[in-house]
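Structure record follows, encoded as structure tokens.
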Amino acid sequence: MRLRSLLVAAAIALPSAAAAQPVQVNYTVTGSAGNWLLDFSVFNNIGPGGQSLYFFGTSLGTGGSAVVASPGSFGVWGSGAAWSNTSYGGSSTTYDNNWIGGGIANGVTQSGFQVQLATLAAPTSVSWFAYQSGGASYDGSDAFYKGDNPGFEGTTGIQTTVPEPASVALMGFGLVAVGVAARRRSANLA
């Protein structure tokens with residue numbers, strides 16, 4: 001009975017804990033030490049009003065990073081120049097990989113914002129910013145810059161893949177087979 005109560009409480013709490021943000025960012029990492037490729041995906045979830053996301057950047061805090069791919073009609077901002085949101089009410093973080101130009105419509109995810117990174121270890125989290133324009137004015141408390149051109153900042157972690165049930169089952173069968181084989185060997189030795 002107590003377990004069921006806990007499960008019901010968790011199910012009720014999940015939707016509020018996973019409240020949608022106006023901009024959601026995640027990334028994947030491929031490569032090896034000294035040659036990492038980070039591929040960022042950006043989801044525009046601004047909601048009614050239809051603002052389009054047009055300026056996006058990341059902070060890797062190293063001199064050894066470079067934009068290597070831009071999706072759609074996005075391009076590298078300022079020939080690789082750094083950006084800060086300080087004068088617009090944002091943090092003092094320096095963003096060193098920035099894209100501008102395209103437009104990610106409300107409800108759309110855009111992938112392909114790629115950065116090459118020459119560090120020994122891949123980053124486990126990355127700071128990001130995004131600006132949107134057009135549509136209705138946005139005055140949510142999650143924006144550091146409000147109105148017709150709202151700005152957002154956040155931190156994201158590496159997107160991990162969850163194994164498919166079939167893969168987990170196959171691994172389970174393999175472990176059972178190893179256990180049976182070990183048991184037979186020990187029975188034969190006795």
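The values are calculated or read from the model by the stated rules, or taken from the named source; none is laboratory data. The shown structure was predicted, so the numbers you read here are calculated from the model rather than taken from an experiment. With ideal geometry, Cβ positions are generated from the backbone for all residues, glycine too; neighbour counts draw on all protein chains shown. Accessible surface is based on the protein model in full, side chains and every heavy atom, while ligands, DNA and RNA are left aside. Shrake-Rupley method; radii C 1.70, N 1.55, O 1.52, S 1.80 Å.
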For the pair Tyr88 and Ala33, how long in nm is the line joining their label points, each one 7 Å along Cα→Cβ? 3.8
Roll a 1.4 Å probe over the protein heavy atoms and report the accessible area of Ile158 in Å², nearest 10. 70
Calculate one ³J(HN,Hα) per residue across segment 104-118 by plugging θ = phi - 60° into the Karplus curve 6.51 cos²θ - 1.76 cosθ + 1.60, and present them in order as whole Hz with x for glycine and proline. 9, 5, 4, x, 10, 9, 10, 10, x, 7, 10, 10, 8, 10, 9
With Rg and the Kirkwood Rh both taken from Cα atoms, where does Rg over Rh land for segment 32-101? 0.99
